[in-house]
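The values are calculated or read from the model by the stated rules, or taken from the named source; none is laboratory data. As the structure is a computational prediction, the values presented were derived from the model and not from experiment. Every residue, glycine among them, receives a Cβ derived from its backbone with ideal geometry; neighbour counts consider all protein chains shown.
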Amino acid sequence: MARELLEPDRRAELAENLARLGERIAAGCAAAGRDPAEVTVLAVTKFFPASDVLHLADLGVRDIGENRDQEASQKAAEVARHGVAVRWHFVGQLQRNKCRSVARYADLVHTVDSVRLAAALGSAAADLRPDPLEVLIQVSLDGAPGRGGVVAAEVPAMAEAIASQPALRLRGVMAVAPQSWEPAAAFRDLAAVAARLRSAYPQATWVSAGMSGDLEAALAAGATHLRIGTGLLGKRATLR
Ligand SMILES: *Cc1c(COP(=O)(O)O)cnc(C)c1O
């Protein structure tokens, strides 16, 4: 057996974090009148080793988020070598020259935010994948440059660009709450963008919103996918 599978302390720590997170989500859903079964947790494992992914998969967490292609592709290969199947979500800013790599291992890309990126990802997915790549449009709620995302007014054009790619499947929207905003206000804005998109694309039902610090606000506003790093894995070695 692989050495990392014999680290009972880390496994116990992850199990405890997972239990505590489950309580927070249950309470957040109860407060919002929602069913926790509607909510998927992605464990964002950036900076943490593949052995943590194996532990989490064993504990029932099968959705894994990563934000750097090089780290993600290596980790995905290592997890696959152990014969463990998880769903890889790419949640970082994506450059067009990384699309062919990401299209190989990712099941979902949360961060499509330009027409040119949609085209590059669509052609990579068509070349390299047997099944379509599911994608979300990253929305920039404050329009600040540099952190990715399109402003709400650009979402319809983005949706069209994605829909024109047969190898992509539009599933919804993603956002990070701007640092200086009330998360509740940010996620309400995102919910409005999501509802408008859904009226034109009924299959675009996913709302990827909420991280360790603001998941309650995201749940209250209808998030379907929470992206949890520190709340599950602990503090990262470096801020990202
Ligand atoms: C790192 C990261 C997260 C997780 O953040 P935490 O605050 O550690 O839960 C969520 N979303 C994205 C896009 C990230 O890069």
Are there any pairs with C-beta distances below 6 angstrom linking a residue in the stretch 142-164 that is without any contact (Cβ under 8 Å) to a residue 40 or more places away in the chain to a residue that is of a type outside the set (Lys, Arg) and in a helix (DSSP H, G or I), with the two at least 6 apart or on different chains, and if so which? Val150/Met158
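If you go through the stretch 192-202 one residue at a time, do you hit one that is closer than 19 Å to Leu121 by Cβ, surrounded by 14 or more Cβ atoms within 10 Å (Cβ to Cβ), away from the ligand (no atom under 16 Å from the Cβ) and not hydrophobic (A, V, I, L, M, F, W, C)?
Pass one, the stretch 192-202, residues closer than 19 Å to Leu121 by Cβ: 197, 201.
Still in the list and also surrounded by 14 or more Cβ atoms within 10 Å (Cβ to Cβ): 197, 201.
Now restrict to residues that are away from the ligand (no atom under 16 Å from the Cβ): 197, 201.
Among the residues that remain, those that are also not hydrophobic (A, V, I, L, M, F, W, C) are: 201.
The answer is yes; a qualifying residue exists.
With the structure loaded, tell me whether Arg116 is part of a strand (DSSP E or B) and either among the aromatic types (Phe, Trp, Tyr) or modelled with pLDDT of 95 or more (or both) or whether it fails that test. Can you show your working first?
Working: part of a strand (DSSP E or B): no; either among the aromatic types (Phe, Trp, Tyr) or modelled with pLDDT of 95 or more (or both): yes.
Here the answer is no, as Arg116 does not meet what is asked.
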Are there any pairs, at least 6 apart or on different chains, whose C-beta atoms fall under 7 Å, with the first in the stretch 17-41 and touching a residue at least 24 places away in the same chain (Cβ under 8 Å) and the second among the polar types (S, T, N, Q), and if so, which? Glu38/Thr224; Val39/Thr224; Thr40/Thr224
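Please pick out the residue among Leu117, Leu108, Leu94, Leu121 that is away from the ligand (no atom under 16 Å from the Cβ), closer than 30 Å to Pro166 by Cβ and crowded, with 21+ Cβ neighbours inside 10 Å. Let's see the steps before the verdict.
Values: Leu117 fails: away from the ligand (no atom under 16 Å from the Cβ); Leu108 fails: away from the ligand (no atom under 16 Å from the Cβ); Leu94 fails: away from the ligand (no atom under 16 Å from the Cβ).
Residue meeting the stated conditions: Leu121.
Working only within the stretch 164-194, note down all residues that are under 20 Å from the mean Cα position of the chain (by Cα) and assigned to a helix (DSSP H, G or I).
Of everything in the stretch 164-194, those that are under 20 Å from the mean Cα position of the chain (by Cα) and assigned to a helix (DSSP H, G or I) turn out to be Pro183, Ala184, Ala186, Phe187, Arg188, Asp189, Leu190, Ala191, Ala192, Val193, Ala194.
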The residue from Ala72, Ala57 that alone is modelled with pLDDT of 95 or more, touching a Phe, Trp or Tyr at 6+ places or on another chain (Cβ under 7 Å) and under 20 Å from Leu233 (Cα atoms) is Ala72
Taking Asp142 and the conditions (1) under 19 Å from the mean Cα position of the chain (by Cα); (2) of a type outside the set (Val, Ile, Thr); (3) outside any helix (DSSP H, G or I); (4) surrounded by fewer than 23 Cβ atoms within 10 Å (Cβ to Cβ), which numbered condition does it fall short on, given that it satisfies the others? (1)
Go through the stretch 39-63 and report how many residues are within 11 Å of the ligand (Cβ to nearest atom) and either out of contact with any helix residue (DSSP H, G or I) (no Cβ under 6 Å at 6 or more places or on another chain) or part of a helix (DSSP H, G or I) (or both). 5
Please enumerate the residues belonging to the stretch 64-101 that are part of a loop (DSSP other than H, G, I, E, B) and touching a strand residue (DSSP E or B) at 6+ places or on another chain (Cβ under 8 Å). Asn67, Val86, Val91, Gly92, Gln93, Leu94
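Name the single residue, out of those in the stretch 120-141 being without any contact (Cβ under 8 Å) to a residue 60 or more places away in the chain and in contact with a Phe, Trp or Tyr (Cβ under 9 Å, 6 or more places away or on another chain), that is nearest to Asp107 (Cα to Cα).
In this case the residue turns out to be Glu134.
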